[in-house]
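Structure first, then comments.
Each reported figure results from applying straightforward, stated rules to the coordinates on display, with no laboratory input. Quick caveat: nothing in here was measured; it's all calculated off a predicted structure. For neighbour counting, all protein chains shown are included, and Cβ atoms are generated from backbone atoms with ideal geometry for every residue, glycine included.
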Amino acid sequence: ETGVTQTPRHLVMGMTNKKSLKCEQHLGHNAMYWYKQSAKKPLELMFVYSLEERVENNSVPSRFSPECPNSSHLFLHLHTLQPEDSALYLCASSQGTANTEAFFGQGTRLTVV
Amino acid sequence: GQQVMQIPQYQHVQEGEDFTTYCNSSTTLSNIQWYKQRPGGHPVFLIQLVKSGEVKKQKRLTFQFGEAKKNSSLHITATQTTDVGTYFCAGPLGAGNMLTFGGGTRLMVKP
């Protein structure tokens, strides 16, 4: 148990579906991240929120929409995904963004059919 | 763009052999971190190096940070089957100093 909880652990969705991934951290951290992990790019940074403001958006397609309602919760809203979006989506948190360790959740294994 | 590269991508070793993975950054880093991800698991923080030339040890693991603070290595002495997994290095890069991960080295240990 790392203090970062992701739900669901597994998700299968069709290309026309809308779904959301949830991440919750109980560590009092002020930064939260979404990473995509696939065979092609092992740990690809998608979004970063610091103090509930988005500070990084790594050219992620608009079919992925993040939301950070407070410092403990992070969502990734999914809409009209493609099969190549199938991957493990990892949430992480840290105290600050540069010089402190990141704590990862267990990830959501997403399959787009 | 700025990036962190790791070699090798894969490494098979016989149990008891040593293992080393190397990490190189395109720019000087303020610090470098190492993570381990077991098969089916998530990345777990191992250590952070901050000083030029720093060397830290954790039991059979030895971590080094280069003098120029652009490269790092992780050396495992006498590997065990419990060492299996993917080892990632990461450093703060870009305008926002965001934690950027290398491609990882997947270690497989034959008993």
Estimated inter-spin distance, A:Ser62 and A:Lys22, nm [label 7 Å along Cα→Cβ]: 2.8
Shielding by other protein chains, A:66-72, mean Cβ within 10 Å: 0
All-pairs alpha carbon distance profile, chain A, 5 Å steps from 0, percent: 2, 13, 24, 27, 19, 10, 4, 1
Inter-chain Cβ neighbour average for residues A:34-43, partner chain, 10 Å: 4
Over chain A, relative contact order from alpha-carbon pairs under 8 Å, at least 6 apart, %: 38
Order of B:Ile76, B:Ile32 under a 10 Å beta carbon neighbour criterion, fewest first: B:Ile76, B:Ile32
Computed Rg/Rh of the protein assembly as shown, alpha carbon atoms with Kirkwood Rh: 0.97
Peptide-level mean, for A:99-105, of C-beta atoms on other protein chains within 10 Å: 6
Per the protein assembly as shown, cysteines lacking a partner by the 4.7 Å Cβ criterion: A:Cys68
